[in-house]
Structures are given as structure tokens and as C-alpha cells.
Amino acid sequence: MSLGRDSTDIPRIGFGTYGRLGEAGVSAILAALEVGYRHLDTAQTYGSEAFVGEAVRRSRLKRDDVFITTKISSENLDEGKLVPSLRRSLDQIGVDHVDLCLIHWPAPNGRIPLATYMHQIVEAQALGLTRLIGVSNFTIALLKEAERLIGRGRIATNQIELNPLFRNTKIANYCSESGILVTCYQPIAQGRVSGHPVLAPIAARHGAAEEQIAIAYGLAKGYAAIPTSSRVERIRSNFAATVLRLTPEDLAAIDAIVPGARSIDPDWGPDWD
């Protein structure tokens, strides 16, 4: 198993599983797999790991055909906790490894040194518990420190809030320039893109929904995106965004939207860029 990064291995469209719980959650994840998604994104805090595993088993797809991401919760960042917690996640999912494991958030208020958990996630990779490693909600300063600690070329992706209404430009540009894949969570801004005065005419020209334009925007930028929904028609619609091709004029118009505030901004979070 390679100990470097190969972000080209990460499917650019994924299905987020936050809120996809119980039998309804399994049904939604199954619908995503049937539509064509091959990347499932879960996390220890979502409570959906077991339902991801159940959906993959019911789909009868080969394990190697489904890229599975999970994320380590803040409570499992202390010394000696990360690897056992990931083993529990694997048991929940019912697999012997995940394809990508992320640090979900830097330690709240910086209470745990970054070295403590970055070295542990490298250990998890060396043990074969995950093929790739990455981070989520990391700032430029944290990425630089992480790469100083574990070496450049180890972090496959930084999963961050990003959509046409909050483009998170500074960190996104840094990641792209550094060869770290940007994975966009909330790529459709929880539906706030619907009816947007810039996105609506672009959507009309393409015969698409504004949500599809938002996803296509992230993909056109070279990012990955992980939308989610409980509704089969929306699951299909979001996946169909992968065939949309926005024009340079479309992208320029979206880039000119005055950005709003981030949606996910806990008081214990990092000092954002």
C-alpha cells in the first residue's frame, strides 16, 4: 500500500451520508450507488458508517468498486485513540480498510497538538487501515504545519465548505497550488442556490437546475464535491451535474458573485483564512 497521496484516485463526485440513517438512509445510499455514485463519504460523528456498509453489501458491488471515506472525530484525536477508533469504524462499515481517512476538524481550540494526531493518522495508513489520508476544515497555516510534520505529498485532500455562494477562495487556491485536492462539502449551499439571480439564468441556458450548476462549478474548478439528499430525484439530478460543461463566461459570472458567510463556523473552530 502506497504511503503517498494519489488524489487522482478520489472520485470527483461523492455522496455525502450525513443524515442518512436507518432504513431510509440505506435506501438513499443504495439509490446513489444505483445512479452511479462510487464514492461514499461518512464520518464517525455522522452515525451513518454502519448504513454505508449495509448499502454497499446490498448493492452487490465489489468492494474495490466503491471508494469509502470516513473522518476521525475530535474526541479521538488524543494520543492512542485514533487507530482504535478507526478500527471501530471499519467494524461498523464491515470492511478491512477505508480508501480515505480524514481528520474531521483540527482539535477544538487547539487543545491537542497537531503532531499528536497527524502522526497517528500516518500510523493508521502504515497499518493498512486506510489507503489515503487527508484533512478537513484545515487552514493554510494548519496544512503547512501538517506537511512539515509528516512530509509533503502525504495529504490527499482538504475537505472544506465551498459552493458558489461561499467560494473559500484563499484556502482553495492554496490547496490547488499545493497539489492537495479540494473536496467541497455543502456544494449546493443547503439549497440556497435555488433561484439565485446569477445562477438561475445560467441554469436556464443549460436546461439544468441551479443545484446542478453549483456542483458543475466545483467540478469545473478541479474540485471534488459530495452533495447529499434523501430524495431519489435529487440524488439523480445531483449526479447528472457531472455531464454539464460550464462555459468560461458561466464560470466568470459565478466567480463574480459577492460571497456570503460560511454556514459551518463553530466557536471552537480554527482561525479561518
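What follows draws every value from the coordinates through simple rules; no lab data is involved. Fair warning: this is a prediction, and the values are worked out from it, not measured in the lab. Using ideal geometry, Cβ is built from the backbone for each residue, glycine included, and neighbour counts are taken over all protein chains shown.
Scanning the range 79-96 for residues that are touching a helix residue (DSSP H, G or I) at 6+ places or on another chain (Cβ under 7 Å) and not in a helix (DSSP H, G or I) returns GLU79, GLY94, VAL95, ASP96.
Among the residues of the range 220-268 satisfying the criterion of being in contact with a Pro (Cβ under 9 Å, 6 or more places away or on another chain) and assigned to a helix (DSSP H, G or I), which is surrounded by the fewest Cβ atoms within 10 Å (Cβ to Cβ)? Filtering first and then ranking leaves ASP255. Summed over the range 34-65, residues that are over 17 Å from TYR185 (Cα atoms) and either surrounded by 21 or more Cβ atoms within 10 Å (Cβ to Cβ) or among the hydroxyl-bearing types (Ser, Thr, Tyr) (or both) total 7. Checked against the criterion of being crowded, with 16+ Cβ neighbours inside 10 Å and either within 29 Å of ASP9 (Cα to Cα) or within 17 Å of the chain's Cα centre (by Cα) (or both), the candidates ALA203, ALA208 yield just one match: ALA208. Would you be able to say whether some residue in the range 117-132 is part of a strand (DSSP E or B), under 21 Å from the mean Cα position of the chain (by Cα) and over 23 Å from VAL56 (Cβ atoms)? No, the range 117-132 contains no residue that is part of a strand (DSSP E or B), under 21 Å from the mean Cα position of the chain (by Cα) and over 23 Å from VAL56 (Cβ atoms).
Looking only at the range 174-197, which residues are free of Cβ contacts under 8 Å to residues at least 40 places away in the same chain and closer than 20 Å to TYR18 by Cβ? Scanning the range 174-197 gives GLY191, ARG192, VAL193, SER194. From the list ALA55, ALA50, the one residue that fits, being under 26 Å from GLU211 (Cβ atoms), in a helix (DSSP H, G or I) and not polar (S, T, N, Q), is ALA55. Every condition in (1) within 18 Å of the chain's Cα centre (by Cα); (2) in contact (Cβ under 8 Å) with a residue 60 or more places away in the chain holds for PRO108 except the one numbered (1). Would you check if ILE171 is assigned to a helix (DSSP H, G or I), farther than 30 Å from ASN109 by Cβ, in contact (Cβ under 8 Å) with a residue 40 or more places away in the chain and of a type in the set (A, V, I, L, M)? The answer is no for ILE171.
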